[in-house]
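All of the numbers you see were taken from the coordinates with simple rules; none came from a lab. Quantities reported herein were computed from a predicted structural model and do not represent experimental measurements. Every residue, glycine among them, receives a Cβ derived from its backbone with ideal geometry; neighbour counts consider all protein chains shown.
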Number of protein chains: 2
Amino acid sequence: MKVAVLGFGNVACATIENFMANQELIASKTRTPIELVRVATRTPGRALGRVPQGCLVSDDCWALVDDPQVDVVVELMGDVQLGRELMLRALSNRKHIVTANKALLARHGEEILRKADEVARSVLFEGAVAVSIPIIKTLRESAAANHVTSITGILNGTSNYVLSQMSERGADFATAVAEAQRRGYAEADPTLDVSGEDAAHKLTLLAALAFGVPIDFEAVEFEGIEGVDGLDIAFAKRLGYRIKLIAQARMEPGGFSASVRPTLVPMASMLAQVTDSMNGIALQGDLLGSAFLYGSGAGGRQTASAVLADLIDLANRGGGGACNKGFRHDQCEAPGACDCGDRVGVFYIRLRLDDKAGVLARVSKVLADANVSVNELLQDGGHDGQTDLIAVTHDISTRQLHAMLPELRIAAGHGHSVVIYPVLGEH
Amino acid sequence: MKVAVLGFGNVACATIENFMANQELIASKTRTPIELVRVATRTPGRALGRVPQGCLVSDDCWALVDDPQVDVVVELMGDVQLGRELMLRALSNRKHIVTANKALLARHGEEILRKADEVARSVLFEGAVAVSIPIIKTLRESAAANHVTSITGILNGTSNYVLSQMSERGADFATAVAEAQRRGYAEADPTLDVSGEDAAHKLTLLAALAFGVPIDFEAVEFEGIEGVDGLDIAFAKRLGYRIKLIAQARMEPGGFSASVRPTLVPMASMLAQVTDSMNGIALQGDLLGSAFLYGSGAGGRQTASAVLADLIDLANRGGGGACNKGFRHDQCEAPGACDCGDRVGVFYIRLRLDDKAGVLARVSKVLADANVSVNELLQDGGHDGQTDLIAVTHDISTRQLHAMLPELRIAAGHGHSVVIYPVLGEH
């Protein structure tokens, strides 16, 4: 099986290096020998002496995807538009694809998968989500007999590191981001990570696999951690929760929902134990019940592990037929996205109030009028004539929540914030 | 793909029932349709109306494995000797095998795998270990490019339930076992589970997959939880640990080690969060770093999920070649078992002592003479003229430990117990 790699950045370099280092082990586990024949990179000089003997290095991506001897193209450049074009061309040339490019797949996965089905070739991407956790294979294969009911994950290591620093060290957002940058967990521009967009890319793929729905980035709502206040982290802690950036896809009665949001997670749950830059994913299926998987979400070697596993899979399955099965459920009617108003859940609500008599009564009336019952209530001793009132609701619908929001804002008074986060049950 | 099932107990029944219930979903994910054509059970009457139309039910196991139309035999009887003979015969007839029978595979896996390689057929057994956790597939496929350095698991739900009851409720061993029986977590005779033998069966399979060594039950040392004292659970808690029945296989400098033992696990580790009857497995590889997987270890539906996933795998890979790759590392020299004296680790040592002056000095001298340095020391206010002295060591070799044991017994004094458990690092 002749393999060609697009890119020679951190991940591509680690993949090639570890393919060479663990070559004997890999050969012992593959029926068809894997051979690295070609690399394309903008900086061919970097690759000198760092690829197997006989491997051609050039700066011509197009020649690589057109090379008739290549069976598998490993796309590790990370570019969305160029990546899409190269993948489609490689598929036209009947090559299998292995990639770790979540942004590309979240936005153009349907088009690419359709093309792959047409030419009976595989697109594998274990390295695209939570690299040390075999979640793609678990959803596609291990849970294949299950109706998956929910998938709930911490899918962005940078955000998790930032929230962990804020929670454990009392750091503010800017300080925590700077520390993440210093440690190499965050990019110079951290927006993609802290905005929730990266986690939403990954959730797009997981939701498609879990529910057999089309890959549709637009169906995933996301909100980042830029606005998370240390105050809410502290209140959550007092109530027995940690605030995590949670990506969740669920089957609701009316369809599926998928969203990424700062969320309160019960301290005793497995997801709450996922700290620093780690990733964790809880999975529920009608047969398997609950499972939870934990590991690194990034790193050159870790991503190499996933990419090489995909290559070994291709080598052992015989390049023949496509294995995109498990992605589309051919014969089942795919469920649609649910009306989000119907979604039911528990919410954390914090109101900043003027510390005056009658304020609690006013808020209580708003909740009662909206038929929202409260599970826990916490009022923080005021300061500067203001006080924080925190309510954790029982199950309510998003519709109920939105309906009472204007009244809550009025009750809170002019210029005061109303903070709302969903609350997870035990996982 | 024509499938026949041996057995109609809890797991077989759940497998067939859920195959029928989720038939449309399963069909949508398989390239070759899966058809259940035959069941053999001692009580054919039980299966009436509970198998698909046209499926033949009889009490003749031998006719089933000899039936020329059958492509895959699913062995769910649980019997070791009869199971072995039926599997070998089925393989002679060039049928693939799917099984959840860990005792059989731990004891006769080498013979069965050798036969399977001979006839180029697959033996799949995701249901044999920690059913809701795809650990077999993870080791065989997802971690295939890794040199696995250790695998550490809670693999027996019954023992974990018993220890959890002892730890959380202060129940004694007998009461906790009775409660486990009442809830259906323990058999009438709980020996196989609480003795560590069942976990050792499972570890035998995981070690073979992780290190590419032969399946050899004799290479796994095991000790059960029957002797675990509530006192040690309480002391461990004071020191920041939980006592768990830990199955661990590790690559040591001189080879691999594999053992099942009551072990102190740091409270903050993922493994310590595995309570009640759940299973959890921590995995370390040279590329992937650390991963942790958690889920149910038993249950009809959960096992059905794993067995059906194996069937879907067979249907999608085309019955052709064997996929026992990943089990033996053909071209690598398999490492041998290490000399256990060389194993290095941290130990918890509890000595029951007469509460007299000079006793601590005597024990300290034994430790110093053996060159054992102590990380934590705890002495419990005495009662009845006796006191407990607990030492948690720094890293020492098993050889050092055994060398000082006779002196420790002398220091403890006549008739007094010396309790020793290994201590895990953070996972």
TODO: Mind pulling the angle between the C-alpha long axis of helix B:81-92 and the longest principal axis of chain B? Nearest 10 degrees, somewhere in 0 to 90.
DONE: 50 degrees
TODO: Quick one: check the C-alpha center-to-center distance for the stretch B:140-217 versus the stretch B:6-85, whole angstrom.
DONE: 27 Å
TODO: Distances from B:Gln379 to the same position in the other copies: list them in nm, one decimal, shortest first, using label points 7 Å from Cα along Cα→Cβ.
DONE: 5.3
- [ ] Give, rounded to the nearest 20 debye, the magnitude of the charge dipole that chain A has about its Cα centre when Lys and Arg contribute +1 at Cβ and Asp and Glu contribute -1 at Cβ.
- [x] 780 debye
Task: Pseudo-label separations to other copies for B:Val344 - Cα-to-Cβ vector, 7 Å, nm - done: 5.7
Open item on the list: Output needed: percent of Cα pairs per 10 Å distance bin for the protein assembly as shown, bins running from 0 to the one holding the longest distance.
Closed with: 2, 12, 20, 23, 20, 13, 7, 2, 0
- [ ] Determine, for chain A, the count of lysine pairs separated by eight or more sequence positions (or lying on different chains) whose alpha-carbon distance falls under 26 Å.
- [x] 27
Task: Residue (of B:Asn93, A:Ala337, B:Leu308) at the positive-pole extreme of the protein assembly as shown, dipole from beta-carbon charges - done: B:Asn93
Task: Under the Karplus curve 6.51 cos²θ - 1.76 cosθ + 1.60, θ = phi - 60°, whole-Hz ³J(HN,Hα) for the stretch A:358-373, x wherever Gly or Pro sits - done: x, 5, 4, 4, 5, 5, 4, 5, 4, 5, 5, 4, 8, 6, 9, 9
TODO: Would you tally the net charge around B:Ala130, using a Cβ to Cβ cut-off of less than 13 Å, leaving B:Ala130 out, and scoring K and R as +1, D and E as -1?
DONE: +1
Open item on the list: I need the inter-copy label distances for A:Arg94: point set 7 Å along Cα to C-beta, values in nm with one decimal, smallest first.
Closed with: 2.8
Open item on the list: Suppose we look only past 23 Å in the calculated P(r) of the stretch B:342-422. What percent of the Cα-Cα pairs does that tail hold?
Closed with: 14 percent
Open item on the list: Given a 10 angstrom Cα cut-off, can you work out which residue in B:Phe217, B:Phe292, B:Phe125 is the most mobile in a GNM of chain B?
Closed with: B:Phe292
Open item on the list: Under the rule of at least 5 residues apart or a separate chain, name every residue whose amide H is placed under 5 Å from the amide H of B:Leu36.
Closed with: B:Val3
Task: Helix axis angle, B:398-412 relative to chain B longest principal axis, alpha carbon, degrees - done: 50 degrees
Task: Choice from B:Asp198, B:Asp380, B:Asp59 with maximal GNM fluctuation in chain B (Cα, 10 Å cutoff) - done: B:Asp380
Task: Summed residue charge, Cβ within 12 Å of B:Asp355's Cβ, Lys/Arg positive, Asp/Glu negative - done: -2
TODO: Would you calculate, for the protein assembly as shown, the mean residue ellipticity at 222 nm contributed by helices, counting each DSSP H stretch of 4 or more residues as -39,500 (n - 2.57) and dividing by all residues, to the nearest 500?
DONE: -10500 deg cm²/dmol
Task: Placed amide H near B:Arg242: partners under 5 Å, 5+ positions off or other chain - done: B:Val265, B:Met267
- [ ] Any chance you could give the angle, 0 to 90 degrees and rounded to 10, that helix B:10-21 forms with the longest Cα principal axis of chain B?
- [x] 50 degrees
